[in-house]
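J.: One structure coming up, written as structure tokens, with questions to follow.
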Amino acid sequence: MGIVTRTFLIIVITFIGLSNNLIGQSNPSASYLWNGEYVRDLEVEKGRTVYNITKTFEVSEAELFRLNPELKENGLKAGMKIRIPGKSSEIKEEQQKETAIPEESIQKTPRLTGAIKHKVKKKESVFGIAKMYGVSVDDVYALNPEAKEGIKTGMELTIYPKPSVQPIELDKSLAKDSIALPPKVKEIFNCNEVPLKEQKKKLNVSLLLPFYLPAGEEFNPRSRIGLDFYGGVKLALDSLKQEGFSVDIHVFDTQNDSSTVNAVLNNPSFRASDLIIGPLYSAAFIRVADETKELNIPAITPFSQSEALISGYPNVIKVTPSTESQIEALVPALQKKFPGGKFILVNSELSKDMSLNAAFKNAWNSSDSLRRPLLFEEKYSSFKTELKSLDFVKQNIVVFLCTDEVKVIDITSKLEKVKETYRIQLAGLNDWNSYDNLDYELLNALHFTYASAVHSDFTSGASLKFQNNYRSEFKGEPTFYAYQGFDIAYYFIKKLACHGDNLSTCLPSLSLECGFNSCYLFKRTRENDGFENSYINILKLDDFKVVRLSDYE
């Protein structure tokens, strides 16, 4: 059944229960002269690290040690006073206090975000949590030494999110009422884009999500994905409203149940939609694809990678490329990065991984034969015990496309022990990032490289703005699903306004455009099929930071 505005109040109440506690932070003293330069005193709080201080107060680590030589010998400790750079203007302000403007009339610089309490969710890792807040794994351990022994669901971690030290009024992208997306790679001037003043401003969008919220029932943990996704959509709608778009959003609770989905298909609001987003799961989406094909309504599947969802459905848009497509994109990136390396494809010997190895080999054999290095193949059972195929001189690129966590842990442990003897680069699957027992220190040591449909910079100005808005609206931290909800709603609603009924015709000719989590570049493989996003990131883990492989070039 449809969930209208009243249901959203339930959603907001649910988010309030996940509120994070804020901890205040000390302010530095006024500037004064010390050895001929202006400095300020800062009392170090418990949990502060050198990294936190350098980023919060915009001082380099070298400068901090120069002003405080005792740090090199004694280290940073809670309660000690250290010097940070000051400003001569503050001295003048102190001298003019008697004639100062009343405090309440001064526009103050926003307070920096303090420490927060993060409650560990199922399948979260220290690496993933650090990445979420823009800090290093070492920063998490510094504040939570018990995390070194492993983290468990429900554990509370103290985190200092990497702050935005730029005053908001100086950041033009944040000064707008709407949330700014990262800049377009290229402006779109093709496919008869409708001029802004003529764009369709009144749009009907149906959102089909698994909320599992029948009246009178307590909160269902399975609702989390749907709620988080909806939170991102809600913020996208707020931004679009600021830009002059009017969107009637019809939200339906699919509950991942076929009878519920069938009822939605007969709803007049659904049948009058200009755009359908969801359901999230393939089984329910295929019913929607059948119906929207007859109605000629664009339907978006946000997460499913199945090729079956676009086969014979010209109106369906698949946002997430298949795992096989991601692996195929990995091949040319590795060949380009390591032209003189020794490539070793290790077969996991699992039937469920056969298609992944086949995709890699097909892409390898289809590459330029004149520049293509040799590809050596090994079986997991022999490789893990012998390691004879590794080269002492060349860079060894070990490719292990395995979905079994135990085998992945075994291979990474084995390679880590010989990394000082051999030069090793490990390529694998994005799914490894969700493995609970996989040591990210091993992956970091092996320069783990993989393909992914998404990549986020959680420290950018636009992302920090999104995080602050999300916390204010829902009293919780945005997840991957919230970012995806924003990106999908913001991108497709704007493109629908620009191109109207021609959206399906124009989609393959639109230029690359990126949001917080995803970049979009669509292709139609066959005439009567739908569209698949063809943009894939090739990512590398380096010093516990995830960087695009192209950024190294």
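J.: Looking at the range 46-59 only, could you name the residues that are of a type outside the set (D, E, K, R) and within 21 Å of LEU33 (Cβ to Cβ)?
T.: Answer for the range 46-59, where residues must be of a type outside the set (D, E, K, R) and within 21 Å of LEU33 (Cβ to Cβ): PHE57, VAL59.
J.: Let me ask something else. Please find, among PHE270, PHE245, the residue that is within 16 Å of TYR490 (Cα to Cα), aromatic (Phe, Trp, Tyr) and touching a strand residue (DSSP E or B) at 6+ places or on another chain (Cβ under 9 Å).
T.: PHE245
J.: Sticking with this structure for a sec: Consider the range 357-395. How many of its residues are under 24 Å from ALA329 (Cβ atoms) and either part of a strand (DSSP E or B) or not assigned by TED's automatic domain parsing to the domain that holds ILE344 (or both)?
T.: 5
J.: Just to be sure, is ALA284 among the small types (Gly, Ala, Ser) and either modelled with pLDDT of 90 or more or not assigned by TED's automatic domain parsing to the domain that holds GLU513 (or both)?
T.: no
Yes or no, residue by residue, for (1) modelled with pLDDT of 90 or more; (2) surrounded by fewer than 19 Cβ atoms within 10 Å (Cβ to Cβ); (3) under 27 Å from GLU405 (Cα atoms); (4) among the hydrophobic types (A, V, I, L, M, F, W, C):
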{"residue": "ILE344", "(1), (2), (3), (4)": "yes, no, yes, yes"}
{"residue": "GLU349", "(1), (2), (3), (4)": "no, yes, yes, no"}
{"residue": "TRP364", "(1), (2), (3), (4)": "yes, no, yes, yes"}
{"residue": "SER369", "(1), (2), (3), (4)": "no, yes, no, no"}
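J.: OK, next. Return the pairs, sorted by first residue and then second, in which the second residue is exposed (fewer than 14 other Cβ atoms within 10 Å of the Cβ), the first residue lies in the range 353-381 and is free of Cβ contacts under 8 Å to residues at least 12 places away in the same chain, the beta carbons are less than 8 Å apart, and the residues are 6+ apart or on different chains.
T.: Note: no pairs meet the criteria.
J.: Determine if the range 409-417 includes at least one residue that is within 27 Å of the chain's Cα centre (by Cα) and surrounded by fewer than 18 Cβ atoms within 10 Å (Cβ to Cβ).
T.: Yes.
J.: Filter the range 396-428 down to residues that are outside any helix (DSSP H, G or I) and among the hydroxyl-bearing types (Ser, Thr, Tyr) and give me whichever is modelled with the highest pLDDT.
T.: THR403
J.: Considering only residues that are among the polar types (S, T, N, Q), under 20 Å from the mean Cα position of the chain (by Cα) and either closer than 19 Å to ILE536 by Cα or not in a helix (DSSP H, G or I) (or both), which ones fall in the range 435-449?
T.: THR449
J.: Among the residues of the range 35-77, what is the count of those that are in contact with a strand residue (DSSP E or B) (Cβ under 9 Å, 6 or more places away or on another chain) and either aliphatic (A, V, I, L, M) or farther than 18 Å from ASP138 by Cα (or both)?
T.: Matching residues across the range 35-77 total 19.
J.: Which of the numbered conditions does LYS475 fail, given that it passes all the others? Conditions: (1) crowded, with 17+ Cβ neighbours inside 10 Å; (2) farther than 28 Å from TYR535 by Cα.
T.: Of the numbered conditions (1) crowded, with 17+ Cβ neighbours inside 10 Å; (2) farther than 28 Å from TYR535 by Cα, the odd one out for LYS475 is (1).
J.: Something else now. From the list PHE486, PHE480, exactly one residue is within 10 Å of GLY232 (Cα to Cα), under 14 Å from the mean Cα position of the chain (by Cα) and surrounded by fewer than 21 Cβ atoms within 10 Å (Cβ to Cβ). Which is it?
T.: When all the criteria are applied, what remains is PHE480.
J.: Which one is surrounded by the most Cβ atoms within 10 Å (Cβ to Cβ), of the residues in the range 291-338 that are among the basic types (Lys, Arg) and assigned to a helix (DSSP H, G or I)?
T.: So in the range 291-338, the residues among the basic types (Lys, Arg) come out as 293, 318, 336-337.
Going one step further and asking which of them are assigned to a helix (DSSP H, G or I), we end up with 293, 336-337.
On the way: LYS293: 16, LYS336: 14, LYS337: 18.
In this case the residue turns out to be LYS337.
J.: If we keep just the residues of the range 57-87 that are among the basic types (Lys, Arg) and at pLDDT below 80, which is surrounded by the most Cβ atoms within 10 Å (Cβ to Cβ)?
T.: Restricting to residues being among the basic types (Lys, Arg) and at pLDDT below 80, the top hit is LYS87.
J.: Among the residues of the range 524-532, are any out of contact with any Leu (no Cβ under 6 Å at 6 or more places or on another chain), of a type in the set (Lys, Arg), closer than 26 Å to TYR450 by Cα and modelled with pLDDT under 85? Can you show your working first?
T.: As a first pass, look at the range 524-532 and keep what is out of contact with any Leu (no Cβ under 6 Å at 6 or more places or on another chain): 524-530, 532.
Still in the running and of a type in the set (Lys, Arg): 524, 526.
From what's left, closer than 26 Å to TYR450 by Cα: 524.
Then keep just the ones that are modelled with pLDDT under 85; that gives none.
Taking every residue of the range 524-532 in turn, none turns out to be out of contact with any Leu (no Cβ under 6 Å at 6 or more places or on another chain), of a type in the set (Lys, Arg), closer than 26 Å to TYR450 by Cα and modelled with pLDDT under 85.
The values are calculated or read from the model by the stated rules, or taken from the named source; none is laboratory data. As the structure is a prediction and not an experimental result, all values here were calculated from the model. Using ideal geometry, Cβ is built from the backbone for each residue, glycine included, and neighbour counts are taken over all protein chains shown.
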